[in-house]
Amino acid sequence: MIFFARFPAIAYCLLIISNAQAIFKWTTHSAAYRTDDCQPWVLPVVKKVEKIIVEDQSLNHEYLPILGLPEFRCSASKIALGEESPAIKEKRVGGVQCLGGTGALKVGAEYLRRWYNGNNNTGTPVYVSTPTWENHNGVFVDAGFQDIRTYRYWEPEKRGLALGGFLADLENAPERSIIVLHACAHNPTGTDPTQQEWMQIADVMKRRSLFPFFDSAYQGFASGSLEKDAWAVRYFVSQGFEIFCAQSFSKNFGLYNERVGNLTVVANDGENLARVLSQMEKIVRTTWSNPPSQGARLVAVTLTTPELFEEWKGNVKTMADRVLLMRAQLKAKLQGLGTPGTWDHITQQIGMFSFTGLNPKQVEFLIKEKHVYLMASGRINMCGLTSKNIDYVAESIHEAVTKIQ
Amino acid sequence: MTTHSAFIDTPTLPLNPETKLLAAFKNDTHPDKVYLAGREYLGEDGQISVLPLTWKIKQQIGSDPTLGTEYPPGLGLPEFTRRVTDLALGKDSQAIVENRVLGVQTVGFMGAVRLGTELLRRWYNRSVAWSGPVYVALPCHDSLVDTLKAAGILDVRQYRYWNAEQRVVSMDKLTEDLEQAPEHSVVMLSASAHCPTGADLSQQDWSALAEVMASRKLLPFFLLPAQGLCLGDPDQDAWPLRHYASLGLEFLCAQSFSHSFSLYGERVGHLLLVLKQNSVLLAVQSQADSLVRSLWARPTVLGARVVATVLGNPAYLAEWRDAIRGLAERCLLIREQLLEKLRLLGTPGRWDHLTQQGGLYCCTGLNAEQVRFLARKRHLYLLPDGCVNVTAINRQNLEYVAESIYLALTSAL
């Protein structure tokens, strides 16, 4: 037997040592919100609902249905598409409760590999953005897809969206290709298309009969508004697309450990939907049998109880506002210091991550000389910024940019 | 007429037989109906029995402000994997001492089977692209074969297991089938309380089988879904694993804690790998890590916390062992009572096996026609192959169930 050892690289997100404090190292996978004290935050509404659940004697403790808790699936899809969504009213929307966003991507990918584009077609190209979340590739490859391609996305010179390249790559994509789109708060660049740009993207995709597979991990967490962060998904549905949307409630509920996800399926009609869901049942059954109850219950109770729903929206806005504040302050400080270059992208970008535009040499300087840790790509996790360290970070970036070219 | 759709080529998958059966039961309005095909451990009241200890620990966890909601490691909570590894193999297991054991928390039992199979497909017997054979018992849990196939195993075979006439394990046929298995085949073996027949190998059988496994270079993949619920003692139920480990054999094991902790919805599973050499442990671990990332990224925490808390605290552990014994004893009691009723009625056929087995599942030996009769005329719903979950039988319905079985075997159908 031949084994090959691959040790996953441990990469650091933005963190800081000051006054000989301990380093906390985050792996590339632990993109998690932090408070201004750099602590994890259990949402107050989550604590409340947890208590409700644990004290509820009437709850049954059996296995969940294979496709998940019905009230969760329903309310999660509503969150993505909007309460008034015509697609929901026309009964052509279904949800599959999954193990987080990853699980939803997995189930969607497994389904597409078996039944999309002529059945069991592993040759259908799957397009992911350059760059993208590092796990996208793995999920589709492991589902059996043999042709993973990229579409241009980030333009380093302009520190923004490579729209021209993006649209060109879509034009050249074979018909029926699967396109993985970040619904909002693109990971890792933080750069989202504007509404106008989304319209152009949708236009090409419609003409080329490309299949949109949205990854929605930050709804509400990005702008503070559920509606705003779901605009792209809802636009595509309004344009008559059939879509998959892999939703994660890890960030916007702070429920990283209970793996709450939902795969929203929008089909042209109820009959097609029913057939898709019947096949997804088997995929779920042979992967994890039935999904976990705790997180789904928490989310479902919150979303379907008006006062709790309002409280949750407030908690989400708190997180989003803090990140937006850090972005604004970082940009202001860099501009105040007269740091060479433009820094508008810091506030134009959105969500947890930001592509600063710093080059690998500057990144190395920051890590080695200033103990400010970020990815070699120049990506920082905005949640690592606090009111206590923002001056130091801004000054360090200033030094890096002025000393190293 | 359906409109054109990206999903137009998708055929409707017929309802899973279990789902169909449950739906038929739910639609049945007869007052005496009994569902004997469920997966959960039911109490005397016909409801899922939740261990008071589990309830207590959940409340404790719920009110503990130090417990956050952070991502767990991809391979699971270390305190969980360590303790359930000890539970399976015994704390002093040579394999543990020599650091040749990998434990991975999974999403339930099927998650462990899926992950284990994916791991095997990628690194087992690497001289060729490996996609089987994997052997499963005839009969076995209905999702097992589907899961193996979903993990990419093309060659799934069955070995004869249940002797319908004698109502025991068909040891000679089992041995015969495995002696003819190609070298390096993987063999799924129920460690205790076989689902769905309830028939288990004796210690002698296990020892004899170990020789066959060794000589044919077959890799055991144990299934241990309800440790402690068969013989009332977790150590006894895990005997086959411990014995094989002591013989220096390499094997996998899928574990579940659904039944033994009443943690069904929490999806607490574990994949155990006992390797021959410690030198490959890190490599296997890195492969498992990579695979988990494409399956579910990370497991859920609540159930694992409950199990780890119980197993890690001597007082709770003692309480749990007591509770488990109680659950197993109730299974035995029901079996005894059913046997007695069947005998009193003069029911034809062999029934000794009822009390010679342990655990939730038992095969009545009824054939397909008799099973259909029970559903239609007596409103009793059995698993395929005439197997039942004995915990669904209680004081209220015992007479009715026994009588129904008697009628199925004696009426002109």
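Name the shape class, rounded, prolate or oblate, that the alpha-carbon gyration tensor gives for the range A:193-348, where a ≥ b ≥ c are the square roots of its eigenvalues, rounded holds for a/c under 1.5, and otherwise prolate holds if a/b is larger than b/c and oblate otherwise. Oblate shape, in that a/c is at least 1.5 and b/c is the bigger or equal ratio. In nm, to one decimal, how far is the A:Ala332 label point from the B:His184 one, both placed 7 Å along Cα→Cβ? Distance between the two pseudo-spin positions: 6.6 nm. What the phi angles of the range B:103-115 give under the Karplus curve with 6.51, -1.76 and 1.60, with θ = phi - 60°, is a coupling list of x, 10, 5, 10, 8, x, 5, 5, x, 5, 5, 4, 5 Hz, glycine and proline written as x. Among the residues of B:8-18, the average count of other protein chain beta-carbon atoms within 10 Å of the residue beta-carbon is 6. Each Cα pair under 8 Å and six or more residues apart adds its separation to the average, and for the range A:70-304 the resulting relative contact order is 28 percent. When peptides B:314-320, A:69-75 are sorted by average Cβ neighbour count within 10 Å, with the highest value leading, the order is A:69-75, B:314-320. For B:Lys56, the aspartates and glutamates whose Cα comes closer than 15 Å to its Cα, not counting residues fewer than 8 places off in the same chain, are A:Glu50, A:Glu55, A:Asp56, B:Asp64, B:Glu319.
Other chains near B:224-235: what is the mean number of their Cβ atoms within 10 Å of each residue's Cβ? Don't jump to the answer; show the numbers that get you there.
Numbers: counts 0, 0, 0, 0, 0, 0, 0, 0, 0, 0, 0, 0.
Across the residues of B:224-235, the mean count of other-chain Cβ atoms within 10 Å is 0.
I need the shape label for chain B. Rule: rounded when a/c is under 1.5, else prolate if a/b > b/c, else oblate, with a, b, c from the alpha carbon gyration tensor. Kindly include the intermediate steps, with their values, before the conclusion.
Working: a/c = 1.40, a/b = 1.31, b/c = 1.07.
It is rounded, given that a/c, with a ≥ b ≥ c, falls under 1.5.
Projected onto their three principal axes, the Cα atoms of the range A:358-405 cover extents of 28, 18, 14 Å, largest first.
Would you work out the charge dipole size for the range A:95-168 about its Cα centre, treating the Cβ of every Lys and Arg as +1 and the Cβ of every Asp and Glu as -1, and quote it to the nearest 20 debye?
On the way: 7 positive and 6 negative charges, 23 e Å.
Here the size comes out at about 120 debye.
For the peptide B:296-307, the mean number of other protein chain Cβ atoms found within 10 angstrom of a residue's Cβ is 6.
Using only the alpha carbon atoms of chain A, find the Kirkwood hydrodynamic radius as the inverse mean reciprocal pair distance, in angstroms to one decimal.
Final number for the Kirkwood radius of chain A is 22.1 Å.
From largest to smallest, the equivalent ellipsoid semi-axes obtained for the range A:274-373 from the alpha-carbon gyration tensor read 42, 22, 13 Å. The modelled label-to-label distance between A:Gln146 and A:Thr130, using points 7 Å beyond Cα along the C-beta direction, is 2.3 nm. Dividing the summed -39500 (n - 2.57) terms of all DSSP H runs of n ≥ 4 by the residue count of chain B sets its mean residue ellipticity at 222 nm at -13500 deg cm²/dmol.
Label the range A:255-330 by shape, choosing from rounded, prolate and oblate, from the square roots a ≥ b ≥ c of the eigenvalues of the Cα gyration tensor; if a/c is under 1.5 it is rounded, and otherwise prolate applies when a/b is larger than b/c, oblate when it is not. Mind showing how you got there, number by number?
Values: a/c = 2.17, a/b = 2.03, b/c = 1.07.
Because a/c hits 1.5 or more and a/b exceeds b/c, the range A:255-330 counts as prolate.
Based solely on its DSSP helices, what 222 nm [θ] is calculated for chain A when runs of n ≥ 4 H residues each add -39,500 (n - 2.57) and the sum is averaged over all residues, nearest 500 deg cm²/dmol? Computed ellipticity for chain A at 222 nm equals -13500 deg cm²/dmol. So if I take the alpha carbon set of the range A:70-304, get Rg, then get Rh from the Kirkwood formula, what is the Rg over Rh ratio? Rg divided by Rh gives 0.93. Rounded to the nearest 20 debye, the dipole magnitude of the range A:69-127 is 180 debye, with +1 charges on Lys and Arg beta carbons, -1 on Asp and Glu beta carbons, and the Cα centre as origin. Peptides B:382-394, B:27-39, A:289-301, ordered by how many other C-beta atoms sit within 10 Å of their residues on average, highest first, read A:289-301, B:382-394, B:27-39.
The relative contact order of chain A, computed from alpha carbon pairs under 8 Å that lie at least 6 residues apart in sequence, is 23 percent. The calculated FRET efficiency for the pair B:Lys217 and B:Arg325, based on their C-beta separation and a Förster distance of 51 Å, comes to about 0.85. Counted by Cβ distance under 13 Å from A:Lys206, the other residues give a net charge of -1, where Lys and Arg count +1 and Asp and Glu count -1.
How many percent of the alpha carbon pairs in the range B:302-413 exceed a separation of 16 Å? Each step should come with its number before you reach the end.
On the way: 3949 of 6216 pairs.
More than 16 Å apart: 64 percent of the Cα pairs in the range B:302-413.
If you wrap a convex hull around the alpha carbons of the protein assembly as shown, what volume per residue comes out, as a whole number of Å³? Working shown, then result.
Working: hull volume 137.5 nm³, N = 818.
Each residue corresponds to 168 Å³ of Cα convex hull volume.
Straight-distance candidates among the aspartates and glutamates for linking to B:Lys26, with alpha-carbon spacing under 13 Å and chain neighbours fewer than 8 residues away dropped: B:Glu18. Sorted largest first, the principal axis extents computed over the alpha-carbon atoms of the range B:29-155 equal 56, 48, 31 Å. Per-residue packing, averaged as other Cβ atoms within 10 Å, sorts the ranges A:364-376, B:11-23, A:343-355 into the order A:343-355, A:364-376, B:11-23, beginning with the highest. Normalising the average separation of contacting C-alpha pairs (under 8 angstrom, six or more residues apart) by the number of residues puts the relative contact order of chain B at 24 percent.
Read the figures in this text as sums done on the coordinates, not as results from a lab. Not measured: the values here are computed from a predicted model. Using ideal geometry, Cβ is built from the backbone for each residue, glycine included, and neighbour counts are taken over all protein chains shown.
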